[in-house]
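The values are calculated or read from the model by the stated rules, or taken from the named source; none is laboratory data. Bear in mind the structure is a predicted one, so any value in this text is a computation, not a measurement. Cβ placement follows ideal geometry from the backbone for every residue including glycine, while neighbour counts extend to all protein chains displayed. Heavy atoms of the whole protein, side chains included, go into the accessibility calculation; ligands, DNA and RNA do not. Shrake-Rupley method; radii C 1.70, N 1.55, O 1.52, S 1.80 Å.
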Amino acid sequence: RPASTWSIATDAGFVIGIDLLVETALVAVARVDGEIVATELVGDIPLESGDRLAALSSIIERQSTANGPALGPLRALTISTTGTVDAEGTVMDSTSIPSWAGFPLGGKLGDHFGLPVRIENDINASAYGEFVLRCSEGQLEDNDDLLLVALSRSVLTGLVMGGQIHRGRGFNAGEIGVIEAVAGGRGLE
């Protein structure tokens, strides 16, 4: 049989990834073959959980309307957010967004859009992104380990062990503590 070349159709669908911080959201839209086709930085994200969900849904709907005709159907959503997130996508705790505590973000978005949704802690998502980048550059193997240390309002770590995000039994593996405690109460500006 003669050789043939296959590729993913450009209208096979797309995915949306959102890095949801305290008051901003960085949005990326990618075709299913991985090519990023649109990005957007959105400010003034509300702090109350219901309003946050509405703002997030609006962003997703706007990107779906803008990109769906050319790319096909929206296939999946991934959201990284501050706080401790369990396996079902519920934000168990969030010191930055207290109204987020106990909020079933994955379930709400999955029900609303009718598609797979993955919710992940922002530092874990950053660690996995760094891991994938290093694998693609040949610096790591796909079953290696990586520790990402982030210094912001607290000292945080994301762990990738054996090529998978390691969350721990309580979904907060690597959470060290706030900078005020580390810096002797002085805090950092």
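General observations
- One residue stands out in the range 160-189 among those that are open to solvent by less than 40 Å² (accessible area, probe 1.4 Å) and touching a helix residue (DSSP H, G or I) at 6+ places or on another chain (Cβ under 7 Å): the one that is modelled with the highest pLDDT, namely Val160.
- Phe131 being in contact (Cβ under 8 Å) with a residue 12 or more places away in the chain, within 24 Å of Phe14 (Cα to Cα) and surrounded by fewer than 21 Cβ atoms within 10 Å (Cβ to Cβ): no
- Considering Glu130, Glu141, Glu137, Glu120, the condition of being modelled with pLDDT of 90 or more, closer than 17 Å to Leu20 by Cα and among the acidic types (Asp, Glu) is satisfied by Glu120 alone.
- Hits in the range 89-125 (condition: outside any strand (DSSP E or B), more than 24 Å from Gly13 (Cβ to Cβ), touching a strand residue (DSSP E or B) at 6+ places or on another chain (Cβ under 9 Å) and open to solvent by 60 Å² or more (accessible area, probe 1.4 Å)): Thr95
- With a requirement of 2 or more residues that are open to solvent by 60 Å² or more (accessible area, probe 1.4 Å) and without any contact (Cβ under 8 Å) to a residue 24 or more places away in the chain, the strands (runs of 3 or more DSSP E) lying completely within the range 25-86 that satisfy it span 36-42.
- The residues of the range 106-137 that are more than 18 Å from Leu74 (Cα to Cα) and hydrophobic (A, V, I, L, M, F, W, C), listed by number, are Ile123, Ala125, Ala127, Phe131, Val132, Leu133, Cys135.
- Residue identified as among the aromatic types (Phe, Trp, Tyr) and within 23 Å of Ser57 (Cα to Cα) among Phe103, Phe131: Phe103
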